[in-house]
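Note sheet for the following structure.
The values are calculated or read from the model by the stated rules, or taken from the named source; none is laboratory data. The shown structure was predicted, so the numbers you read here are calculated from the model rather than taken from an experiment. With ideal geometry, Cβ positions are generated from the backbone for all residues, glycine too; neighbour counts draw on all protein chains shown.
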């Protein structure tokens, strides 16, 4: 035991020496040190992975003094002695921030999918077709992804909190514009702008999770945050369907506006600036300033010289996508999640004529994916950590990011079978309960897949939490943006049995990307090298 403590102390001395050396070189403008600084702070090396458990047989060489409450799980990153370090905040404060971030992440897809139910009354009011009105939906979905990339670029320069605040202010204003629009052109403009600004927490949520939670906690927190995102596009139509049965179409959008107001109030009251540069000693950390100054960005602006330049902030986002493992993971996600958006935005056009549904029946129909997401969250709460613990035990305390992808083996059968059977249900006019179950299977599988991919990309590049979050979000939305344009016409031309069967085949084929990452992902990460960011 004494030998283990001595080794731990020696490791800490070496780590502190590395951090000090890294900081000195950073001040001298040597960009080559940034990769080593990230490696020291996050205890991650492409060749060795993470060392999580110091009780494992061969992991004493990488043990550390600061451990979790169980006495053997290494805290990654290592918390500083600074009370302002987000890793040192209380359990209640951390989870309040997680709830606020998750609630704000719930808003964009909720508002986007609300329009899926209002298509028919809007088309009647503006003397056009529901498919044409759906173009506003497609524009909104695309901006949910594009806006997220800009969010992360700006956050790397201005800080996390002010970007969330100002984007949510504009999102709230454009939500009111959507509800008050009197022409399709005005409505479409409002929807596009709302998509761009409302995505702020959806795209950048991983930044907050990475800032305030340790490595061994992150998968479960991602699971919570992701469940708000995945469930939101089903809650919007569910409530809107019941409202539009007796009220005009603007009322669901006024509800969306009220939810934005609530989200803004939560941000103003509780959200904190969570960025903390661990390469800077506690006594040299920039002053936090007044609460209002942090909220609107004055404090962050004063300390901007300690973060990325604007050019560096923009290049961070581009450089992450150039990493082959991130690009492959995003491509897989785009090919599998796209159909979720396509189904959701066009469902009313399928089930209303087939089953003779009115708005109320469509609303009840949306309970299915809501239940599926809840089941997926509950399953993932245990599944992702169980797979990680099993891998760590088998590999004597070591953990590789690729281990996260094993959850996809569990989820993909639900995804593929769900899509195939949805097509069968709609073409063969099977009972609507069968359609519900099949839709739920697909959504359940995508919930688990979302957490697995998010965790994998974050574990692979922990210094790029915002950037990987933005690209995963973009992949999810851009696929849906494309599919929503042709989902209905494709089904009408070839039948749902064939069209949904092809969608399932695409998902099955894309699983080869996961197999490739499991086989060669580590080699690709080593070949691609570190990101060498100015800050972590």
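When the range 263-284 is limited to residues that are at pLDDT below 90 and outside any loop (DSSP other than H, G, I, E, B), the one that is surrounded by the most Cβ atoms within 10 Å (Cβ to Cβ) turns out to be 282. From the list 118, 128, the one residue that fits, being touching a helix residue (DSSP H, G or I) at 6+ places or on another chain (Cβ under 8 Å), over 28 Å from residue 316 (Cα atoms) and surrounded by fewer than 20 Cβ atoms within 10 Å (Cβ to Cβ), is 128. Residues of the range 366-402 that are under 21 Å from residue 332 (Cβ atoms), without any contact (Cβ under 8 Å) to a residue 60 or more places away in the chain and out of contact with any strand residue (DSSP E or B) (no Cβ under 9 Å at 6 or more places or on another chain): 387 alone.
Determine if the range 105-115 includes at least one residue that is at pLDDT 85 or above, assigned to a helix (DSSP H, G or I) and more than 27 Å from residue 202 (Cβ to Cβ). Checking the range 105-115: not a single residue is at pLDDT 85 or above, assigned to a helix (DSSP H, G or I) and more than 27 Å from residue 202 (Cβ to Cβ). Among the candidates 171, 136, 112, 155, the residue that is without any contact (Cβ under 8 Å) to a residue 60 or more places away in the chain, in contact with a helix residue (DSSP H, G or I) (Cβ under 8 Å, 6 or more places away or on another chain), crowded, with 22+ Cβ neighbours inside 10 Å and closer than 29 Å to residue 466 by Cα is uniquely 136. For the range 241-256, indicate whether the set of residues that are surrounded by fewer than 24 Cβ atoms within 10 Å (Cβ to Cβ) and under 23 Å from the mean Cα position of the chain (by Cα) is non-empty. No: zero hits.
Residues checked against (1) modelled with pLDDT under 90; (2) under 14 Å from residue 435 (Cα atoms); (3) crowded, with 16+ Cβ neighbours inside 10 Å; (4) touching a helix residue (DSSP H, G or I) at 6+ places or on another chain (Cβ under 8 Å):
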| site | (1), (2), (3), (4) |
| --- | --- |
| 342 | yes, no, yes, yes |
| 345 | yes, no, yes, yes |
| 348 | yes, yes, yes, yes |
| 360 | yes, no, no, yes |
| 363 | yes, no, yes, yes |
| 383 | no, no, yes, yes |
| 387 | no, no, yes, yes |
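Regarding the range 396-409, can at least one residue be identified that is farther than 30 Å from residue 53 by Cα, surrounded by 23 or more Cβ atoms within 10 Å (Cβ to Cβ) and in contact with a helix residue (DSSP H, G or I) (Cβ under 8 Å, 6 or more places away or on another chain)? The answer is no; no qualifying residue exists.
Among residues of the range 519-532 that are over 10 Å from residue 324 (Cβ atoms), those with a beta-carbon under 8 Å from a residue that is part of a loop (DSSP other than H, G, I, E, B) at least six positions away or on a different chain give the pairs 522/46; 522/400; 526/46; 526/47; 529/46; 530/46; 531/323; 531/461. Restricting attention to the range 116-131, the residues being part of a helix (DSSP H, G or I) and free of Cβ contacts under 8 Å to residues at least 40 places away in the same chain number 2. Report yes if some residue within the range 454-462 is in contact with a helix residue (DSSP H, G or I) (Cβ under 7 Å, 6 or more places away or on another chain), farther than 30 Å from residue 347 by Cα, at pLDDT 85 or above and not in a helix (DSSP H, G or I); otherwise report no. Yes, the conditions are met somewhere in the range 454-462. Return the only residue of 435, 449 being touching a residue at least 40 places away in the same chain (Cβ under 8 Å) and over 15 Å from the mean Cα position of the chain (by Cα). After applying the criteria, what remains is 435. For residues in the range 486-498 being in contact (Cβ under 8 Å) with a residue 60 or more places away in the chain and under 28 Å from the mean Cα position of the chain (by Cα), which is nearest to residue 412 (Cα to Cα)? Among them, the one singled out is 487.
Of the residues making up the range 175-196, those that are surrounded by fewer than 23 Cβ atoms within 10 Å (Cβ to Cβ) and touching a helix residue (DSSP H, G or I) at 6+ places or on another chain (Cβ under 6 Å) are 176, 177, 179, 181, 188, 190, 192, 193. What do you reckon, is residue 147 more than 20 Å from residue 468 (Cα to Cα) and either crowded, with 22+ Cβ neighbours inside 10 Å or within 23 Å of the chain's Cα centre (by Cα) (or both)? The answer is no for residue 147.
The lone criterion from (1) modelled with pLDDT of 90 or more; (2) touching a helix residue (DSSP H, G or I) at 6+ places or on another chain (Cβ under 8 Å) left unmet by residue 519 is number (2). Among the conditions (1) under 16 Å from residue 248 (Cα atoms); (2) in contact with a helix residue (DSSP H, G or I) (Cβ under 8 Å, 6 or more places away or on another chain), residue 149 misses just one, which is (1).
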